1. What does the net charge come to around residue 144 if you take all other residues with beta carbon closer than 10 Å to its beta carbon, with K and R at +1 and D and E at -1?
2. Once label points are set 7 Å from the Cα along Cα→Cβ at both residue 44 and residue 73, what is their separation, rounded to one decimal in nm?
3. How much net charge surrounds residue 67 when only the other residues with a Cβ under 13 Å from the Cβ of residue 67 are counted, with Lys and Arg +1 and Asp and Glu -1?
4. Give me the count of lysine pairs in segment 38-155 whose alpha carbons sit under 28 angstrom apart, restricted to pairs 8 or more positions apart or on different chains.
5. Could you put 51, 128 in order of accessible surface area, largest first, with the 1.4 Å probe and the full protein assembly present?
Amino acid sequence: MTTRRTALLFLASLGLLVSREARADLIPNGEKRVEYTFELENASQFPDYVFLAHPYTTSFGAPMPELCVLGGMPRIVGKYVQPVIYAMKKSDFEASSVRKFQGAALEAFFEEGKGILSSGVTIHPEHFVPVRWPVKGMHDVVRVEKLEAGVFVARLVKVVYALDDGKSVSVDYPADGKRPFPPGVTATPPRDEPAETPPPSTTADPAENTPAAPAHAPSGCGGCAVKGEEGAAGFMFLLGALAAFRGRRRAGSGRSIAP
């Protein structure tokens, strides 16, 4: 019976893991996936410095912290991170052991901030855009404006959109640093913001303006009462735990009790 319980609990845990991964790969309704990259275009003009981006990962699943050294090549950014651009004297970088740091050690290095200058520029990767956009990729360009006497100034200068027809178009960033839309595309409400509803008419029947009573949560098992991926995962885990409990009760019922 122990083997059976172990197998059932394993299957329940596996269902939880699979459901989480499935949610990570979902494309939001009404949107499509696009490629995203960024680069620091003039790093070569400052040969005495090394430029870093943190936090950084190329993973599109669970974040896996990586050391990102910037140069003239585009860099891919995974999900769940928004890197900040840093500068460090090349001599300090080479004298440190940062190349060997991983996980907590890498995080501690940037938290301590010894010898690191922050530009304050944060990269905001976009992996999904509305389906109506004629875009299949976007590329942000960062430029160093000043780096001397312990002062590091950089800014986002332009975004290059790769269009569906194979062409590309460059759009300059405004002074507020917000990414501009592609040509011919107008702003849309944020995906989580509900559409604004018109105020109720004063001439309408009172019953029409009376708010509807809140819907009751569905009854039944714990897993069924929760919507979405969490509900499915909870149901799988509950199912495994219930089966294991039943197996345990059956095993106990077969034991004889001495008088």
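The values are calculated or read from the model by the stated rules, or taken from the named source; none is laboratory data. This one's a predicted model, so the numbers in the text were calculated from it and none came from an experiment. Note that each Cβ is placed from the backbone with ideal geometry, even for glycine, and that neighbours are counted across all protein chains shown. Only protein heavy atoms, including side chains, enter the accessible area calculation; ligands, DNA and RNA are left aside. Shrake-Rupley method; radii C 1.70, N 1.55, O 1.52, S 1.80 Å.
1. Working: positive: 143, 146, 155; negative: 41, 145.
With Lys, Arg at +1 and Asp, Glu at -1, the neighbours total +1.
2. With each label point 7 Å from Cα toward Cβ, the separation is 1.4 nm.
3. On the way: positive: 75, 99, 100; negative: 66, 107.
Net charge in that neighbourhood comes out at +1.
4. So the count works out to 11.
5. Numbers: 51 5, 128 30 Å².
Solvent-accessible surface, decreasing: 128, 51.
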